[in-house]
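Colleague: Dropping the structure in here first, questions after.
The values are calculated or read from the model by the stated rules, or taken from the named source; none is laboratory data. Everything numeric in this text was worked out from a predicted model, so none of it was measured. Cβ: placed from backbone, ideal geometry, glycine included. Neighbour counts: every protein chain shown. For the accessible areas, the whole protein counts, side chains as well, though only heavy atoms, and no ligand, DNA or RNA atoms are used. Shrake-Rupley method; radii C 1.70, N 1.55, O 1.52, S 1.80 Å.
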Amino acid sequence: MSFDRNLNSSQEPTAAATSDTREESLEEDLVHIRVQQRSSSRKTITTVQGLAAEFDLKKIARACRKEFACNGTVTEHPEQGLVIHLEGDQRENVRQWLIKTDLCKPDQLKVH
């Protein structure tokens, strides 16, 4: 009897752990597009994080700057990794552009 309890209790955490890792892997695969209010003024900044490391983010930022006629840069955040910053509210433009250029699938994008 005690053997069965130990077996069941040991299986439950692994089942929970695998479902947690699946959810985390889905979260890691998402590309987050957010808009942030600048602290010094009413202007906004669009941030794009979670793009695959295989892409050259500087080239993506350059193409976005040219496409949307705005300024932008790539910065390294300690928790989020490399993040693209674009001036203005470019959330919908970035979403459509990433889908159009086949860099991301629509289900990979999360617009906040």
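Colleague: Name the residues in the stretch 78-89 that are touching a Ser or Thr at 6+ places or on another chain (Cβ under 9 Å), more than 15 Å from Val31 (Cα to Cα) and surrounded by fewer than 16 Cβ atoms within 10 Å (Cβ to Cβ), would you?
Modeller: Scanning the stretch 78-89 gives a single hit, Asp89.
Colleague: Within the stretch 54-66, how many residues are open to solvent by less than 60 Å² (accessible area, probe 1.4 Å) and either among the acidic types (Asp, Glu) or under 17 Å from the mean Cα position of the chain (by Cα) (or both)?
Modeller: 5
Colleague: Residue pairs, Cβ under 8 Å, 6 or more apart or interchain, first in the stretch 51-66 and in contact (Cβ under 8 Å) with a residue 40 or more places away in the chain, second in a loop (DSSP other than H, G, I, E, B) and among the hydrophobic types (A, V, I, L, M, F, W, C). List them.
Modeller: Once the first residue is in contact (Cβ under 8 Å) with a residue 40 or more places away in the chain and sits in the stretch 51-66, its partners that are in a loop (DSSP other than H, G, I, E, B) and among the hydrophobic types (A, V, I, L, M, F, W, C) give Leu51/Leu103; Leu51/Cys104; Phe55/Leu103; Ile60/Leu51; Ile60/Leu103.
Colleague: Does Ser19 satisfy being out of contact with any helix residue (DSSP H, G or I) (no Cβ under 7 Å at 6 or more places or on another chain) and either assigned to a loop (DSSP other than H, G, I, E, B) or modelled with pLDDT of 90 or more (or both)?
Modeller: no
Colleague: For the stretch 77-94, which residues satisfy the criterion of being over 19 Å from Gln37 (Cα atoms) and touching a strand residue (DSSP E or B) at 6+ places or on another chain (Cβ under 8 Å)?
Modeller: Hits for the stretch 77-94 are Gly81, Leu82.
Colleague: Here is a check on your reading of the model: is Ala69 surrounded by 13 or more Cβ atoms within 10 Å (Cβ to Cβ) and without any contact (Cβ under 8 Å) to a residue 60 or more places away in the chain?
Modeller: Spelling it out, it is not the case that Ala69 is surrounded by 13 or more Cβ atoms within 10 Å (Cβ to Cβ) and without any contact (Cβ under 8 Å) to a residue 60 or more places away in the chain.
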